[in-house]
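Shown next, in structure tokens, is the structure this report addresses.
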Amino acid sequence: MQNTIFDQIVDRRNTGCMKWDVKDGELPMWVADMDFQTAPEITEAIIDRAKHGVFGYTLIEEEWYHAYQSWWKNRHNFEIPEEWLIFCTGVVPAISSIVRKMTTPAEKVVVLTPVYNIFFNSIVNNGRNPLECELEYKAGEYHINWEDLETKLADPQTSLMIFCNPHNPVGKIWDKETLKKIGDLCVKYHVLVLSDEIHCDLTRPDKDYIPFASVSENCRNNSITCVAPTKAFNLAGIQTAAVIIPDPFIRHKVNRGLNTDEVAEPNVFAAIAPVAAFQKGGAWMDGLKEYLWKNRKYAEEYISREIPQIYAVKGDATYLLWLDCTRIFRKEQDLCEFIRETSGLYLSDGRAYHNGEGFLRMNLACRMDVLKDGLQRLKKSIQAYCK
């Protein structure tokens with residue numbers, strides 16, 4: 001099975017695909033959406049259910065809970081009692097609902113930037129104020145400015161911290177000591193932690209992430225965790241996720257919010273896809289991780305050798321490569337747009353993630369030959385930009 005599934009050509013044009021809705025000749029490597037077909041076992045489960053022909057109101061059955069429980073126990077050494085789990089139609093809908101339910105208008109929500117840009121939508125669109133704690137970038141790595149973070153958590157108007165674990169877009173897996181320190185600070189200042197862990201399965205093959213709620217009593221009792229199979233198994237269009245909440249009081253409030261916002265009811269396939277993924281998709285996931293890290297290694301080496309004007313930030317998670325272009329970046333000329341115009345390569349502009357000026361985000365979840373094409377286009381554009 002190794003690599004053959006992931007080397008298969010899949011034409012996504014003319015399928016209503018947001019990623020590939022681009023001009024002829026353009027190569028989209030921007031949004032976090034893989035070009036691989038999902039695990040065959042998931043497709044088979046969906047087809048089998050579709051053959052039934054009746055798609056009525058759907059319940060979350062016991063096997064849904066068991067699938068999440070076994071995957072996190074076996075893959076991430078984290079035991080999740082069934083009552084901690086709540087179904088939701090997506091991580092972003094859950095985050096927005098939690099912001100509405102667990103904070104009040106004009107309160108502040110801390111985020112570590114650069115970070116997934118949609119967090120800001122969930123905060124600002126609901127009348128809350130984002131409070132950025134900028135990660136420090138030194139010698140090609142990102143670190144937390146603890147003094148700044150504590151100052152912002154101590155603000156009486158701060159009521160929530162949205163945390164990204166592993167961190168998108170910089171690809172960082174937070175260590176246990178860091179997670180514990182965040183948990184302790186948030187308890188000290190009465191700030192609830194909302195941990196987005198959707199990228200947790202997309203780690204380097206020899207390295208795992210650490211669930212925030214598994215670290216300590218403070219982390220467990222003062223946190224809400226959002227997880228899903230959608231990023232790892234390429235199921236974003238299925239709209240399925242889970243919210244993990246150990247504390248019963250917090251869980252009750254979040255559950256009411258999810259139901260009020262009508263994001264707690266599954267469609268037929270949202271109920272069965274996670275079960276197939278977590279019960280039968282392990283071998284596919286192992287193959288995917290190997291393929292993605294082969295892509296990452298190739299991209300890092302190519303950029304170091306062929307495009308020395310920029311730097312590929314080292315990361316242990318996600319399939320997103322964070323490119324440091326600060327040495328050549330000019331504010332008066334949009335680098336991201338310049339690349340798209342000169343070579344057709346469509347990347348994500350680092351400015352969208354806040355504290356990311358002079359950076360680009362590149363999606364590596366594609367066939368190796370497509371990746372090589374993208375890197376050659378990048379080289380062409382960077383050389384032209386530097387003239």
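The values are calculated or read from the model by the stated rules, or taken from the named source; none is laboratory data. Predicted, not measured: the structure shown is a model, and the values here were computed from it. All Cβ positions, even for glycine, are placed from backbone atoms using ideal geometry, and neighbour counts span all protein chains on display. Ligands, DNA and RNA are excluded from the accessible area calculation, which covers all protein heavy atoms including side chains. Shrake-Rupley method; radii C 1.70, N 1.55, O 1.52, S 1.80 Å.
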If you go through segment 150-159, how many residues are open to solvent by less than 60 Å² (accessible area, probe 1.4 Å) and either outside any helix (DSSP H, G or I) or within 14 Å of Pro114 (Cα to Cα) (or both)? 4
Segment 235-250 residues that are open to solvent by less than 30 Å² (accessible area, probe 1.4 Å), paired with ones that are among the basic types (Lys, Arg) and outside any loop (DSSP other than H, G, I, E, B) (beta carbon under 8 Å, 6 or more apart): Ile245/Arg251; Pro246/Arg220
Please give the number of the condition Val109 fails out of (1) of a type in the set (A, V, I, L, M); (2) over 21 Å from Leu185 (Cβ atoms); (3) in contact (Cβ under 8 Å) with a residue 12 or more places away in the chain. (2)
Pairs only if they're at least six apart or on different chains, beta carbon under 6 angstrom, first in segment 266-283 and over 14 Å from Ile60 (Cβ atoms), second open to solvent by 10 Å² or more (accessible area, probe 1.4 Å) and among the charged types (D, E, K, R); list them, first residue then second. Ala276/Glu41; Lys280/Glu41; Gly281/Glu41
So, of the residues in segment 172-195 that are touching a residue at least 60 places away in the same chain (Cβ under 8 Å) and touching a Pro at 6+ places or on another chain (Cβ under 8 Å), which turns out to be least open to solvent (accessible area, probe 1.4 Å)? Ile173
Among the candidates Glu357, Glu341, Glu332, single out the residue that is more than 24 Å from Lys294 (Cα to Cα), open to solvent by 40 Å² or more (accessible area, probe 1.4 Å) and in contact with a helix residue (DSSP H, G or I) (Cβ under 7 Å, 6 or more places away or on another chain). Glu357
Neighbours by Cβ (under 8 Å, 6+ apart or cross-chain): first from segment 3-23, more than 19 Å from Ala232 (Cβ to Cβ); second assigned to a loop (DSSP other than H, G, I, E, B) and open to solvent by 50 Å² or more (accessible area, probe 1.4 Å): Trp20/Arg13
Of the criteria (1) touching a Phe, Trp or Tyr at 6+ places or on another chain (Cβ under 9 Å); (2) over 26 Å from Asp247 (Cα atoms); (3) of a type in the set (A, V, I, L, M, F, W, C), which one Val111 fails: (2)
Looking only at segment 251-270, which residues are open to solvent by 20 Å² or more (accessible area, probe 1.4 Å) and assigned to a helix (DSSP H, G or I)? Arg251, His252, Lys253, Asn255, Arg256, Asn259, Thr260, Phe269
Is at least one residue of segment 28-37 open to solvent by 50 Å² or more (accessible area, probe 1.4 Å), acidic (Asp, Glu) and either modelled with pLDDT of 95 or more or not in a helix (DSSP H, G or I) (or both)? no
For Lys19, are the conditions met, namely being outside any helix (DSSP H, G or I), surrounded by 15 or more Cβ atoms within 10 Å (Cβ to Cβ) and of a type outside the set (Asp, Glu)? yes
Which residue, of Cys200, Cys133, is in contact with a helix residue (DSSP H, G or I) (Cβ under 9 Å, 6 or more places away or on another chain) and either at pLDDT below 95 or under 28 Å from Trp72 (Cα atoms) (or both)? Cys200
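Checking the structure you have, find out if any residue of segment 66-74 is of a type in the set (A, V, I, L, M) and at pLDDT 95 or above.
Yes - at least one qualifying residue is present in segment 66-74.
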Index of the failed condition, Gly237 passing every other in (1) under 21 Å from Ile162 (Cα atoms); (2) in a helix (DSSP H, G or I): (1)
Considering each of Ala273, Ala312 in turn, give the residue that is within 30 Å of Arg49 (Cβ to Cβ) and buried (at least 19 other Cβ atoms within 10 Å of the Cβ). Ala273
List every residue pair whose Cβ atoms sit under 6 Å apart, with the two residues 6 or more apart in sequence or on different chains, where the first one lies in segment 364-387 and is open to solvent by less than 10 Å² (accessible area, probe 1.4 Å) and the second, anywhere, is part of a helix (DSSP H, G or I) and not aliphatic (A, V, I, L, M). Leu364/Asn295; Leu364/Arg296; Leu371/Asn295; Leu375/Tyr302; Ser381/Thr342; Ser381/Ser343; Tyr385/Phe338
From Ile210, Ile162, Ile198, Ile224, which residue is surrounded by 24 or more Cβ atoms within 10 Å (Cβ to Cβ), touching a residue at least 12 places away in the same chain (Cβ under 8 Å) and not in a strand (DSSP E or B)? Ile198
